[in-house]
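The values are calculated or read from the model by the stated rules, or taken from the named source; none is laboratory data. For clarity, every value in this text was computed on a predicted model and none was experimentally measured. Glycine gets a Cβ as well: all are built from the backbone with ideal geometry, and neighbour counts include every protein chain shown.
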Amino acid sequence: MLQTSEIHTPDVPQGYFENLAGNILQRIKTLEHIQDNELSHYPVLFSIRKTPVFSVPENYFEQLPVKILNRVSTPVKVISLSRRRIWNYAVAASITALMLISSILVKNNASHPDALNQVSSNIQVPAYIHDANSYKNEQQINDAITKLSDEDIIKYLEATGNDEDNDAVASSVKENELPSPADYLANDKTLDTFLNQN
């Protein structure tokens with residue numbers, strides 16, 4: 001960062017802020033005097049210079065709320081629920097109740113180990129679905145992941161990876177921990193070394 005030997009601060013005349021209000025009023029009075037002299041050349045404008053130009057009818061503001069309410073108020077339309085509309089609501093409530101009961105039954109059946117066997121006897125289910133049922137907790141899942149070969153992981157990432165995954169990985173690495181650009185130029189194995197260390 002460049003440093004300068006001089007520090008420039010704006011200079012304000014002595015007593016500027018103390019006399020500011022008086023100076024502003026003096027300028028306004030000077031401008032009024034100039035305007036009055038200029039208006040003296042125009043007698044019609046000079047004669048009406050301080051008379052109010054705008055006026056309102058008598059009792060205008062007292063009558064204004066009543067006039068507004070008279071214009072705004074309209075009769076409210078009453079909508080009654082017909083038998084057909086009630087029937088529509090009853091059908092919608094029945095469908096919702098049916099969906100709720102079905103989801104509760106499916107959840108209860110899924111918690112039984114026999115449910116998967118019943119499904120697999122009727123439908124051709126891939127082997128990895130049957131294997132997934134053998135993992136009961138997070139530890140078993142982590143153990144199975146550590147047993148995966150590098151080739152299986154690469155195939156999975158190539159098949160399912162996308163830019164969002166790349167962004168997630170990039171955001172998890174701190175930039176100050178990465179090797180410098182000069183390190184990449186000096187050694188083409190810099191990235192491999194960095195990945196193996198982490």
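Each row is one residue, and each column tells you yes or no for (1) surrounded by 10 or more Cβ atoms within 10 Å (Cβ to Cβ); (2) at pLDDT 85 or above; (3) in a helix (DSSP H, G or I).
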{"position": "M1", "(1), (2), (3)": "no, no, no"}
{"position": "T51", "(1), (2), (3)": "no, no, no"}
{"position": "V56", "(1), (2), (3)": "no, no, no"}
{"position": "I101", "(1), (2), (3)": "yes, yes, yes"}
{"position": "L116", "(1), (2), (3)": "yes, no, yes"}
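Restricting the first member to the stretch 172-198 and to residues that are modelled with pLDDT of 75 or more, and the second to residues that are of a type in the set (A, V, I, L, M), the beta-carbon pairs closer than 9 Å and six or more apart or on different chains are P179/L191; F194/L178.
Would you please name the residue that is modelled with the lowest pLDDT, looking only at residues in the stretch 141-171 that are of a type in the set (S, T, N, Q) and not in a helix (DSSP H, G or I)? Going through the qualifying residues, I end up with N162.
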